Amino acid sequence: MSSRLAVGEQVRLIAGLRWRLFRNSLRTLRGRLDAISQVLLWLLMGGLMFGGGIAIGFAAYVFVAQGEGNRLGDLFWAVFLFWQLYPILGVSGGARFDFAHLLRFPLRYGSFFILSLIYGVFEPAAVISLFWLLCLSLGVAVAHPELAPWMLVVALLFAAMNLVLSRAVATWADRWMAQRRTREILGFIILVAVLAVQFAIPALADWEPGKRAEIWLTPFLSIADVLPPGVAAAALDARLAAEWLRAAAGVLLVCLYAAGFLWLLHMRLAAQYRGENLSEARLPPAPAGRARAAQSPAAAIWRLPWRSSAFAALVEREARYTMRNWQLLFQICIPSIFVAAFGPGLKHTAFFVRHRDMVFPSVLAYLFFMLENWFFNSLAYEGDGIRLLFLAPVPFRQVMLGKNLLQAAATLANVLFLWIFVRWTFGSPGSWIVAATLAASIYALLVNLAAGNIISLYFPFRREFGFGNFRRARAQGGMGALAGLATDVGLVVTGAIVFLVGKLLDRMGLAVLIFLILAAFAAIAYAFSVKAIDGVVLAHREDLIQELCQPESVS
């Protein structure tokens, strides 16, 4: 009987199902906290939405009123880039729904396709971009009322094109990222591209501004005019100049773009509807000779002084997994890489000239912000392996201690590199500043480890091993993200106050003493957090398994 339901009825039933799932999730403390965090994130996004909308609407009014309709392309490009890039670069407010799971129900293909588009409409990037388009349309309509109907047509077509393109990118990205080789290749390309940009910017700093703009912008301007934002702006500009043929051609070209992206989306959704399974095949069993070699004494585990062999094995496990995870290695190394790339270019700026002694504390604050996702989501890459950790004959606190040891070693290595770099580039900040900064680093590290252990257990969030899907959430979602951010903001505020007091009193030795006292309290808190780990895991093991063993999903 379900197969004969109309498309509208199927959409209504799925919407009701999603609402019931959300309402039932509020029965648990975690669900209520995640709901609160999503409300807070939406409030923050609301500021961006209304502020950006007002700016775009005012700019559209000014451009049209002054007869500069060709500059509307800048506004269309802003909406287009935000709509398409925010889902890739932005942070998700929680675990994302796997849209392909709807195929478990007896849906028609038309219902499946429409639900995919509806799902895309309610993404944060789509909601904000639609509001910006509305403000852009209002600005044009107020400046030139006769242009309002034409602006409405162009805005609707442009919004439909962006919606279809964002869904097509999402589905095709899932297809390409289904194979590990593709993920690693893309991850390597992203890593090389980011590093190339960071080292290219300082190299271009000595070029003349006009020459640099001409070299970078000229080749792209001609291409931008034939891309969707440029075509939409050209259609409005032509209508403003009463060039009906060119305006109609612009609208037709936007329709052709939308049709092309719609066809690409149809190809992927049709494949999913027919039952395409993108799971990776397992490797065949290793030959008996290789299996025996793996068990030979040559493959002995690491040895750590004053620690058991089980703990050494856990530390070795973390180190080996980290060395194989390009995404995590990139996250660990990128703070030092960015500072090394941008530092020399900022050496002669007014702020760094006046406050040269505060460069070292500033870069270390940046370091801890960049490592936030690692500290506060320690179990992110465990996946199905979390079951084996529960079966292993070791207390779970040793698992977390092994992770903490590697996190502390990587952080201290970054601190050492940044101190050498700052001393070499900016000169020595003074022995008391260095001592205070190192004491602050110990305090911040202990706080991050203590809070990170608890947050990782209460708010785990799975991430794929390796670079994974670039549209998948790159940070811990929901309440875990807010708790981690609040912890680091509190650390920065506390550190700034202590340094300010030391500088005002000209007693940086006092700052060192304060940081050491704070570090002692942080060490006590860390000891309590480690002691509580086994109890927390025992009480929340079902939640941990559920959150970490289900595939991370985006559609």
- Working only within the stretch 65-74, note down all residues that are more than 12 Å from Pro228 (Cα to Cα) and either buried (at least 18 other Cβ atoms within 10 Å of the Cβ) or of a type in the set (A, V, I, L, M) (or both). Ala65, Gly69, Leu72
- Item | Pairs where the first residue, in the stretch 420-441, is in contact (Cβ under 8 Å) with a residue 60 or more places away in the chain and the second is crowded, with 18+ Cβ neighbours inside 10 Å and hydroxyl-bearing (Ser, Thr, Tyr), C-beta under 8 Å, 6+ apart | Phe421/Ser336; Pro429/Thr437; Ser441/Thr411
- Residue identified as charged (D, E, K, R) and modelled with pLDDT of 65 or more among Glu280, Glu276: Glu276
- Message: I need a count of the residues in the stretch 457-476 that are crowded, with 22+ Cβ neighbours inside 10 Å and either within 26 Å of Gln398 (Cα to Cα) or modelled with pLDDT of 85 or more (or both).
- Response: 7
- Out of curiosity, is Ile332 in a loop (DSSP other than H, G, I, E, B) and either at pLDDT 80 or above or among the β-branched types (Val, Ile, Thr) (or both)? no
- Message: I'd like the full set of residues that are closer than 19 Å to Pro145 by Cα and in contact with a Phe, Trp or Tyr (Cβ under 6 Å, 6 or more places away or on another chain), limited to the stretch 44-77.
- Response: Ile56, Arg71, Leu72
- Consider Asp506 against the criteria (1) closer than 18 Å to Gly430 by Cα; (2) surrounded by 15 or more Cβ atoms within 10 Å (Cβ to Cβ); (3) at pLDDT below 85: it satisfies all of them except one. Which criterion is unmet? (2)
- Note on the structure: All-but-one check, Asn373 against (1) at pLDDT 80 or above; (2) part of a helix (DSSP H, G or I); (3) buried (at least 17 other Cβ atoms within 10 Å of the Cβ), failing number (1)
- Message: Suppose we keep only residues that are acidic (Asp, Glu) and over 34 Å from the mean Cα position of the chain (by Cα) within the stretch 224-244. Which one would you say is surrounded by the fewest Cβ atoms within 10 Å (Cβ to Cβ)?
- Response: Glu243
- Query: How about the stretch 207-239: which of its residues are touching a helix residue (DSSP H, G or I) at 6+ places or on another chain (Cβ under 6 Å) and either of a type in the set (Val, Ile, Thr) or modelled with pLDDT of 80 or more (or both)?
  - Reply: Pro228, Pro229, Gly230, Val231, Ala232, Ala233, Ala234, Ala235, Leu236, Asp237, Ala238, Arg239
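The values are calculated or read from the model by the stated rules, or taken from the named source; none is laboratory data. This structure is a prediction, so every number in the text was calculated from the model and none was measured. A quick note on method: Cβ atoms are made from the backbone with ideal geometry, for glycine too, and the neighbour counts reach across all protein chains shown.
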